[in-house]
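The values are calculated or read from the model by the stated rules, or taken from the named source; none is laboratory data. What you are looking at is a predicted structure, and each value in this text was computed from that prediction instead of being measured. Don't worry about glycine lacking a Cβ; one is built from the backbone with ideal geometry, like all the others, and counts go over all protein chains shown. To get the accessible areas, we keep the full protein, side chains included, count just its heavy atoms, and leave off ligands, DNA and RNA. Shrake-Rupley method; radii C 1.70, N 1.55, O 1.52, S 1.80 Å.
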Amino acid sequence: IYMTKKFTFSILALLACKSIFAQFECNTPRYQSEVFTAVTKTADIVYGSNPNGDASLKLDFYEPTGDVLPKRPLIILAHGGSFYLGTKNDADIVTLCNRFAKMGYATASINYTLGFDAFPPNAGSAERTVYRTVHEMKAAIRYFRKDAATTNTYKIDPSMIIVGGSSAGAFIALHTAYLDQISELPTSIDTTGKNGLEGICGNPGYNSIPQIVVNLCGAIGDSAWMKNNNQPVVSMHGTNDNVVPYGSAIISLSGIQLMPVDGSASLDEQAGKLGLIHDLKTWNNQGHVPYASSTAYMDSTVTFVKDFLYNTLCSMTLGNPESKISDFNFDVFPNPADNALSIKLPVNSKATHYQIIDLAGKVVMSSILKNSEETIHLNTKDLKTGLYSITVFTENGKSSKKLSILH
């Protein structure tokens, strides 16, 4: 069952890596279906070392066999297991890596250091574990950006790096993206000799900021860490999850209460308030990671994430100022608007998304559009009184109109 949410975003999120997005291949089967029949896996690539420097960190790299594209978006995934179990060979992660590689993505499954520095674990040891594993995922991101800038062995697009994971792996991905200020770190964490938020796990000097986050049954320590220029996020979660809370609650491990966290529903709500691209699929009455034991749930997971990534990456490339003007027309009513307005699209317009932009050039509202949509109804009560422009993008260009909001 889907919980319908708007895909909204700030234009600053498009440049999270401080680089220009390369052209994503939209309007082709690639990235929308499994167009490759085989995948080539390169196992046990050393991408860094743990913070103590006494153990190698390894990943497995998956790519479409026979692919000739010189640059591919990269998805880096981390396994689950409550931070003390699991490997990069976990079946659900391997399935995701293979299926997205068949769609044309490059994918990687990473190992990270397991265990807590106290047993039984407490809030402080759990926080330090997340901090450590975030450093390791950032080292993996830097590893691929370093390769792209040097030998280009893996042929990834360094401006399209997606991080994600299952359960604990989703914790790591979310904190890699959104825990981006030293002031946000809990007092239990000592950064001495650990290079702040970047860590010392390898590949220094390269950017560690991902562009998109895939959150499968994960949570974040505090959704207030998310900001209005942060990365898009897609989430999937069961309402009856008794391992990682669907909303906001105290998380436990083996019956030991650790700390309050914000699960997928809470962080998705925060993303909407901030104007980020976001979407959430809610599995009603389902528990933790249902896709790990069900082909049907795995299929729906792949489809939901695939659609989000395709629409978001297309939006990022089609939504740039160089998109050409289209000759199609659309209607906005009422105009001026108060607390609500509607956009009426022409039949078969093939619209991909819209943006509402204020006079300062800031995107204040946006949404990816489904192909079947002809009328879009918007709640504009949170927009300030003033003048705006509204632009609808299609596969072939864009069309704009002036918009007034009067409250």
Exercise. Between Y291, Y131, Y178, which gets the highest mean-square fluctuation from a Gaussian network model of the chain, Cα cutoff 10 Å?
Worked result: Y291
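Give me the percent relative contact order of the chain, please, defined on Cα pairs under 8 angstrom at least 6 residues apart.
On the way: 952 pairs, mean separation 69.8, N = 407.
Dividing the mean separation by the residue count of the chain yields 17 percent.
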Exercise. Which far-off residues, 5 or more places away or on another chain, put their amide H under 5 Å from the one on Q286, with H placed in the peptide plane?
Worked result: T239, N240
Exercise. For the chain, which whole-number percentage of the solvent-accessible area (1.4 Å probe, protein heavy atoms only) is attributable to carbon and sulfur atoms?
Worked result: 53
For this session: Mind checking the per residue accessible area of region 81-197 for me, 1.4 Å probe, whole number of Å²?
Result: 33
Problem set entry | Radius ratio Rg over Rh of the chain, counting only Cα atoms, Kirkwood formula for Rh | 0.97
Exercise. Tell me, what is the Rg over Rh of region 120-240, with Rh the Kirkwood radius over Cα pairs?
Worked result: 0.97
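At 0.36 nm per residue, minus the direct Cα-Cα distance, what do H377 and S252 gain on full extension? Give it in nm, one decimal, please.
Values: separation 125, 0.36 × 125 = 45.00 nm, distance 4.08 nm.
Difference between extended and current length: 40.9 nm.
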Problem set entry | Within region 21-127, chymotrypsin sites (Phe, Trp or Tyr not before Pro) in DSSP loop having at most 15 other beta-carbon neighbours inside 10 Å | Y84
Exercise. What helices does the chain hold that run 24 Å or longer along their axis, going by alpha-carbon atoms, with a Kyte-Doolittle average of 0.0 or more, using DSSP H for the helix calls?
Worked result: 295-318
For this session: For region 42-201, just say rounded, prolate or oblate: build the C-alpha gyration tensor, square-root its eigenvalues into a ≥ b ≥ c, call rounded for a/c under 1.5, and beyond that prolate if a/b exceeds b/c, oblate if not.
Result: prolate
Exercise. Just A118, A265, A78 to compare: in a GNM of the chain, with alpha carbon springs under 10 Å, which one fluctuates most?
Worked result: A118
For this session: Mind putting a number on the dipole of the chain about its Cα centre? Charges go on the C-beta only, +1 for Lys and Arg and -1 for Asp and Glu, and I need it in Debye to the nearest 20.
Result: 740
Exercise. Out of P73, P64, P204, any idea which swings most in a Gaussian network model of the chain, alpha carbons joined below 10 Å?
Worked result: P204
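Rounded to the nearest 500, what is the 222 nm mean residue ellipticity of the chain from helices alone, with -39500 (n - 2.57) per DSSP H run of 4+ residues and division by all residues?
-7000 deg cm²/dmol
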